[in-house]
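Trainee: Structure below; questions to follow.
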């Protein structure tokens, strides 16, 4: 299914030996022929396999997984699900972290493709249209998180952020809250923008004004600062806070506590993701379950099935969201 030097040789109108000599920088090859071969390599998107000789007679049985941040408990739990399922399917796994950098995501994907992985789960928040096209061009089974439309060799896992946000806001409104702040993540991450836009939309649908909007920046200290800032608001301080994820919610709670406010007696806080943090936090965090362990298992199953399919047409797999009520939300405090 992958391009070989024979494909390059045929497209360039030269022998396989000539292609091999150009790629390995050996033998005598004229400059004009070198240019033809290299331009063909670039045009077709061929990537030399550094382990081809060693692995030529075997199936590598390797799947790759790329995540944004292994310190983020959401991704940690997704990885555990992915690794457990790859072992059950008889694969080895390669893990790469991008630190929310689109260029590092592209480099990680290239490294995995160069090492002849059978499929890749790119479960990173940051993505470029360029990378989607490159992966599709190389005919490697891949699944993305919340990004590319499905196509040949490409499937997508899509989390229902809107439903999760809607359930959370309705829960808070049902407790009497009308002023609900939102502590956001990073504006350059698609999944975070989806959550922010869903928050604004649902608030307006309920006849409420969105805001205040605070910056948590996916950073625990910044989330603590946001909590302190909310606590210090002198006028119209919100009675509830929704955070972009559980890590941010935990930081906000820490900041509120340090400023002398009680959660939920004085102010309610909700998160997103239903990670272990939400269970270990004091108080336990009201959050949205998006099946993070199942998500990792599904990603492994999807690339496994896609690479073996006679007709590798990808699909969109919807991940449902469900509110999990913890002890961090309560009835609005009487004034």
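Trainee: If the requirement is being out of contact with any strand residue (DSSP E or B) (no Cβ under 6 Å at 6 or more places or on another chain), crowded, with 16+ Cβ neighbours inside 10 Å and closer than 29 Å to residue 158 by Cα, which of these qualifies: 257, 304, 274? Lay out the reasoning, then the answer.
Mentor: Numbers: 257 fails: closer than 29 Å to residue 158 by Cα; 274 fails: out of contact with any strand residue (DSSP E or B) (no Cβ under 6 Å at 6 or more places or on another chain).
Selected residue: 304, the only one of 257, 304, 274 that is out of contact with any strand residue (DSSP E or B) (no Cβ under 6 Å at 6 or more places or on another chain), crowded, with 16+ Cβ neighbours inside 10 Å and closer than 29 Å to residue 158 by Cα.
Trainee: Taking the residues in segment 48-69 that are within 23 Å of residue 308 (Cα to Cα) and within 25 Å of the chain's Cα centre (by Cα) as candidates, determine which candidate is modelled with the lowest pLDDT.
Mentor: Ranking the qualifying residues of segment 48-69, first place goes to 61.
Trainee: Output yes when any residue across segment 169-179 is under 26 Å from the mean Cα position of the chain (by Cα), crowded, with 16+ Cβ neighbours inside 10 Å and under 11 Å from residue 240 (Cα atoms), and no when none is.
Mentor: yes
Trainee: Also, quick follow-up: Is it true that residue 216 is at pLDDT below 90 and either surrounded by fewer than 16 Cβ atoms within 10 Å (Cβ to Cβ) or not assigned by TED's automatic domain parsing to the domain that holds residue 68 (or both)? Before you say what the answer is, go through the steps one by one.
Mentor: Details: at pLDDT below 90: yes; either surrounded by fewer than 16 Cβ atoms within 10 Å (Cβ to Cβ) or not assigned by TED's automatic domain parsing to the domain that holds residue 68 (or both): yes.
So residue 216 fits the description; yes.
Trainee: Considering each of 298, 250, 242 in turn, give the residue that is without any contact (Cβ under 8 Å) to a residue 60 or more places away in the chain and either under 20 Å from residue 163 (Cβ atoms) or crowded, with 24+ Cβ neighbours inside 10 Å (or both).
Mentor: On the way: 298 fails: without any contact (Cβ under 8 Å) to a residue 60 or more places away in the chain; 242 fails: without any contact (Cβ under 8 Å) to a residue 60 or more places away in the chain.
After ruling out the rest, the residue left standing is 250.
Trainee: Same structure again: So for segment 89-96 (the condition being more than 20 Å from residue 308 (Cβ to Cβ) and either modelled with pLDDT of 90 or more or crowded, with 22+ Cβ neighbours inside 10 Å (or both)), does at least one residue qualify? Reasoning before the result, please.
Mentor: So in segment 89-96, the residues more than 20 Å from residue 308 (Cβ to Cβ) come out as 95-96.
Those still in the list that are either modelled with pLDDT of 90 or more or crowded, with 22+ Cβ neighbours inside 10 Å (or both) too: 95-96.
Scanning segment 89-96, I find at least one residue that is more than 20 Å from residue 308 (Cβ to Cβ) and either modelled with pLDDT of 90 or more or crowded, with 22+ Cβ neighbours inside 10 Å (or both), so the answer is yes.
Residue-by-condition table, conditions (1) closer than 26 Å to residue 334 by Cβ; (2) within 28 Å of the chain's Cα centre (by Cα); (3) touching a residue at least 60 places away in the same chain (Cβ under 8 Å):
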| position | (1), (2), (3) |
| --- | --- |
| 198 | no, yes, no |
| 201 | no, yes, no |
| 208 | yes, no, no |
| 211 | yes, yes, no |
| 217 | no, yes, no |
| 224 | no, yes, no |
| 227 | yes, yes, no |
| 232 | yes, no, no |
| 237 | yes, no, no |
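Trainee: Please count how many residues of segment 108-151 are in contact with a strand residue (DSSP E or B) (Cβ under 9 Å, 6 or more places away or on another chain) and within 21 Å of residue 61 (Cα to Cα).
Mentor: Residues of segment 108-151 that are in contact with a strand residue (DSSP E or B) (Cβ under 9 Å, 6 or more places away or on another chain), as a first pass: 108-109, 111-113, 115-125, 127, 131-132, 135-136, 139-151.
Filter again for within 21 Å of residue 61 (Cα to Cα), leaving 108-109, 111-113, 115-123, 135-136, 139-144.
Residues in segment 108-151 being in contact with a strand residue (DSSP E or B) (Cβ under 9 Å, 6 or more places away or on another chain) and within 21 Å of residue 61 (Cα to Cα): 22 in total.
The values are calculated or read from the model by the stated rules, or taken from the named source; none is laboratory data. Keep in mind it's a predicted model, so treat the numbers as computed, not measured. All Cβ positions, even for glycine, are placed from backbone atoms using ideal geometry, and neighbour counts span all protein chains on display.
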